[in-house]
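Undergrad: Just passing along the structure, written as structure tokens.
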Amino acid sequence: MKGLVACLLVACSSAGSPPPRVPAPPTPWPVPDGWKHELIAFPLGFAPSLAHDGVEEIRFAPGFFQPAAPGYWSYAFVWRLDNVPAFDASTVAAELTTYFRGLVDAVDETDEIADRESIVVRAKPEQAHLALAAHVIDAFASKLPVELVGTASQIVCPRGALWVFSFAPERSALTAEVAALAARAACDQPTVPNAPRP
């Protein structure tokens, strides 16, 4: 009799249990209204010496290419990497210096910009991230130097790592917005494909 009662209790408790919750699939890293986005596979065409496997995702603020716009040179980007490379101030500074010099080499086809060696990124540890200061040159529009500040952080993922960057000019009104967008990047988010070219 006791065995029958125990079986009935187990059956009743199982029947009344809600089904296990299936976690919702991750959503892509957001593209805010008015922002542009780009997806680039490693090796990056403009910086092939960066020895990573994975993809770069970029979020450009409105007016990124317009020197008079509030969003000028304000953007966030992530590197979704297949491995977990060394992440420290000297490594990140060197890789971003290569990155920004490569951009100038790719865009400045007529060699209007002579002082490419002046492009330098500096990084220093600050709490849970790296604080960045970058002297870059706007090869897209003004051909003049731009002083950027920002942050870099690494998230170790179940598969590989996520490097998260935010940049904006020193007195940009969008610094907080760019940083908040960067903070929404997470592991295993599906990437947003590039928009078809017209």
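Undergrad: Given a Förster radius of 22 Å and the C-beta distance between Ile58 and Ile155 as r, what FRET efficiency does 1/(1 + (r/R0)^6) yield to the nearest 0.05?
TA: Calculated transfer efficiency: 0.80.
Undergrad: Here is a follow-up. Kindly identify the chain as rounded, prolate or oblate by the Cα gyration tensor criterion: order the square roots of the eigenvalues as a ≥ b ≥ c, call it rounded if a/c is under 1.5, otherwise compare a/b with b/c, prolate if a/b is larger, else oblate.
TA: In terms of gyration-tensor shape, prolate.
Undergrad: Still on this structure, please answer the following. Please compute the modelled spin-label separation between Val107 and Thr27, points set 7 Å along Cα→Cβ, answer in nm with one decimal.
TA: If labels sit at Thr27 and Val107, their model points lie 3.1 nm apart.
Undergrad: I need to check one value: relative contact order of the stretch 39-182, counting alpha carbon pairs closer than 8 Å and at least 6 residues apart, in percent.
TA: Worked out over the stretch 39-182, it gives 24 percent.
Undergrad: Roughly how tilted is helix 89-107, in degrees to the nearest 10 and between 0 and 90, from the longest Cα axis of the chain?
TA: Helix 89-107 sits at roughly 60 degrees to that axis.
Undergrad: Any idea what angle helix 2-16 forms with the longest principal axis of the chain, computed on alpha-carbon atoms, 0 to 90 degrees, nearest 10?
TA: Tilt of helix 2-16: around 30 degrees.
Undergrad: OK, next. So for Asp53, Asp105, fewest C-beta neighbours within 10 Å to most, what's the order? Display every interim value, and only then the final one.
TA: On the way: Asp53 12, Asp105 15.
So the ranking, lowest neighbour count to highest, is Asp53, Asp105.
Undergrad: Quick one: go through the stretch 51-78 and flag any residue whose amide nitrogen is under 14 Å from the point 7 Å out along the Cα-to-Cβ line of Ala141.
TA: Within reach of a label on Ala141, which here means backbone N under 14 Å from a point 7 Å along Cα→Cβ, the stretch 51-78 contributes 60-75.
Undergrad: Okay, moving on. Is the shape of the stretch 138-198 best called rounded, prolate or oblate, per the rule: a/c under 1.5 gives rounded, else a/b larger than b/c gives prolate, else oblate, with a ≥ b ≥ c the square roots of the Cα gyration tensor eigenvalues?
TA: oblate
Undergrad: Please find, in a Gaussian network model of the chain (springs between Cα atoms separated by less than 10 Å), the residue of Pro23, Pro70, Pro169 whose mean-square fluctuation is greatest.
TA: Highest fluctuation of the listed residues: Pro23.
Undergrad: Ok, one more. Determine the distance separating the Cα centre of the stretch 52-95 from the Cα centre of the stretch 146-185; give it in Å without decimals.
TA: 7 Å
Undergrad: For labels at Ala69 and Ala183 in the simple 7 Å Cα→Cβ model, what's the distance in nm?
TA: Label-label distance for Ala69 and Ala183, simple model: 2.5 nm.
Undergrad: Run the helix sum for the chain: -39,500 (n - 2.57) per DSSP H stretch of 4+ residues, divided by residue count, reported at 222 nm to the nearest 500 deg cm²/dmol.
TA: Only helices count here, giving -7000 deg cm²/dmol.
Undergrad: Which residues in the stretch 144-184 place their backbone N less than 15 Å from a point set 7 Å from the Cα of Lys124 along the Cα-to-Cβ direction?
TA: Under 15 Å, as judged by backbone N against the label point of Lys124, lie 149-152 of the stretch 144-184.
Here, each number is a calculation from the coordinates, and none is a lab measurement. These numbers were taken from a predicted model, which means no experiment stands behind them. When we count neighbours, we look across all protein chains shown, and the Cβ atoms used for this are built from the backbone with ideal geometry, even at glycine.
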